[in-house]
Amino acid sequence: MPDLIPPPLSLYVHLPWCVRKCPYCDFNSHGARGELPFDDYVAALVRDLEHDLPLVWGRTVHSVFFGGGTPSLFPAAAIEAILSAASARLRFAPDAEITLEANPGTAEHDRFEGYRAAGVNRISFGIQSFDDGCLQRLGRIHDSREAEAAVKLAQDAGFDNLNLDLMYALPGQDLAMAERDLERAFALQPAHISHYQLTLEPNTVFYARPPQGIPDDDLAWDIQEHCQALLAGAGYGHYETSAYARPGRQCAHNLNYWRYGDYLGIGAGAHGKITLGAEQAILRRWKHKHPATWMAAAGTDQAIGGNDRIAPAQRPFEYMLNALRLHEGFALADFEVRTGLPRARIAAALEQARANGWLQVDDVRVAPTALGRRFANDVISLFL
């Protein structure tokens with residue numbers, strides 16, 4: 001068996017509140033009611049981090065991601081306090097990518113300047129659409145004018161590494177509307193665009209009461225193909241299932257996920273994956289989801305919702321679930337050191353996928369074909 005070698009490490013910080021929960025959202029987010037306990041939450045994050053530090057002693061953090069919820073609800077001073085506490089306890093790489101998710105409806109110029117001064121160097125905007133009708137049907141709190149203004153505010157504050165989240169196959173959307181969304185995004189010249197299909201997830205309002213006018217599968221596929229061509233024509237490389245970037249501007253934090261890297265997760269409902277080299281084990285840890293419950297217990301074992309050791313038999317499926325999202329695929333040597341398994345363990349499944357035309361396989365690398373990307377679930381299921 002190959003040695004299980006700890007991969008690069010990231011830090012995920014969950015900030016769980018938003019102005020109003022969207023009807024399609026299945027994330028651990030909670031509508032704000034009254035004044036938010038920013039100081040108490042930051043103090044709880046520090047306690048949570050200190051409790052998990054023994055898992056990652058001596059390791060370097062290569063990226064930080066503030067996810068939510070709506071992290072841009074937090075004032076810049078709170079973000080600075082979190083980053084200062086984290087960098088005092090963990091070694092940060094000099095070029096660490098530090099991303100903060102932002103809602104255009106909570107954008108302020110001074111706040112972006114404060115985020116940049118705090119150390120944030122990448123902003124991810126939840127735009128979803130530039131069509132006001134679509135935004136209303138999605139339950140968003142911003143309109144298209146506010147979306148464009150928010151991006152420009154961030155650019156004026158000195159941010160040049162911006163992601164725009166856009167969704168397609170929205171209620172009432174046709175191909176021309178999806179095209180206009182991309183054209184308006186291109187005009188803002190972001191470094192990165194996340195472009196993904198609306199899905200009806202369990203435990204959401206849309207799942208219980210599906211909205212009218214959602215495009216059927218044929219139209220959704222037409223929109224996807226057309227938009228992929230538009231993105232390519234505008235210079236955005238399609239490097240992952242739903243991610244497109246200018247050269248050199250891929251999201252380092254998400255790449256670490258997809259390459260089966262490690263990440264420490266702090267905050268209410270945060271998930272982490274840590275490779276324990278001395279024990280030759282992979283640990284998944286998650287925290288209690290409700291903010292009040294988690295805050296009361298942060299820094300103790302009672303804040304932990306669960307600890308799972310990933311059995312060797314589970315690792316091929318977990319690895320492929322991530323790595324095969326990438327157009328570049330993966331190196332077989334990386335599979336071995338990140339799972340602690342010999343490549344022979346997946347040889348039969350690789351051969352079946354190659355015979356089906358789903359994967360390109362040689363002695364060094366594995367990469368999905370165009371057909372394999374279209375039937376990703378079928379490919380991944382071979383490794384269960």
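Separation between the Phe375 and Arg180 pseudo-spin-labels, each 7 Å from Cα along Cα→Cβ, expressed in nm?
3.8 nm
What is the set of long-range amide H partners of Val61 at a cut-off below 5 Å, with H atoms built 1.01 Å from backbone N?
Arg91, Phe92, Ala93
Taking the Cβ of each residue in Ser242, Ser124, Ser29 as the centre, tally the other Cβ atoms inside 10 Å and list the residues starting with the fewest.
Ser242, Ser29, Ser124
For every helix of n ≥ 4 consecutive DSSP H residues, a contribution of -39,500 (n - 2.57) applies; sum these over the chain, divide by its total residues, and give [θ] at 222 nm rounded to the nearest 500 deg cm²/dmol.
-10500 deg cm²/dmol
Name the residues of the stretch 280-295 whose amide N is less than 18 Å from a point 7 angstrom out from the Cα of Ala43 along the C-beta direction?
291-295
Report, in cubic angstrom per residue, the convex hull volume of the C-alpha atoms of the stretch 17-158.
Cα convex hull per residue, to the nearest whole number: 114 Å³.
With a cut-off of at most 10 other beta carbons within 10 Å, and DSSP calling the residue loop, which GluC sites (Glu not before Pro) in the stretch 204-284 qualify? Please list them.
Glu279
Can you list the cysteines of the chain that have no other Cys Cβ under 4.7 Å away?
Flagged as lacking a Cys partner: Cys18, Cys134, Cys227, Cys251.
Grab every C-alpha pair in the chain, bin the distances at 10 angstrom width from 0 up to the longest one, and report whole percents.
Bins of 10 Å from zero give 5, 22, 31, 28, 13, 1 percent of pairs.
Counting other C-beta atoms within 10 Å, which of Asp301, Asp334 has the fewest, and how do the rest follow?
The order, fewest Cβ neighbours first, is Asp301, Asp334.
DSSP loop (so not H, G, I, E, B), at most 15 other Cβ within 10 Å: list which trypsin sites (Lys or Arg not before Pro) in the stretch 48-128 pass both filters.
Those that pass, being in a loop and sparsely packed, number zero.
With N residues in the stretch 206-266, what two-decimal value do you get for its Cα radius of gyration over 2.2 N^0.38 Å?
1.53
Within the stretch 105-147, find all residues whose amide N lies under 12 Å from a label point positioned 7 Å from the Cα of Arg20 along Cα-to-beta-carbon.
136-143
Mind giving me the nanometre distance, one decimal, between the label points for Asp222 and Thr241, set 7 Å out from Cα along Cα→Cβ?
2.5 nm
Just want the ordering: Lys287, Lys152, from fewest to most Cβ atoms lying within 10 Å of their own Cβ.
Ordered from fewest to most neighbouring Cβ atoms within 10 Å, Lys287, Lys152 come out as Lys152, Lys287.
Scale the Cα Rg of the stretch 313-381 by the rule-of-thumb value 2.2 N^0.38 Å and send over the ratio, two decimals.
Scaled against compact globular proteins, the figure is 0.97.
Every number in this text was worked out from the coordinates using simple rules, so none of it is lab data. This structure is a prediction, so every number in the text was calculated from the model and none was measured. Backbone-built Cβ (ideal geometry, glycine too); neighbour counts: all protein chains shown.
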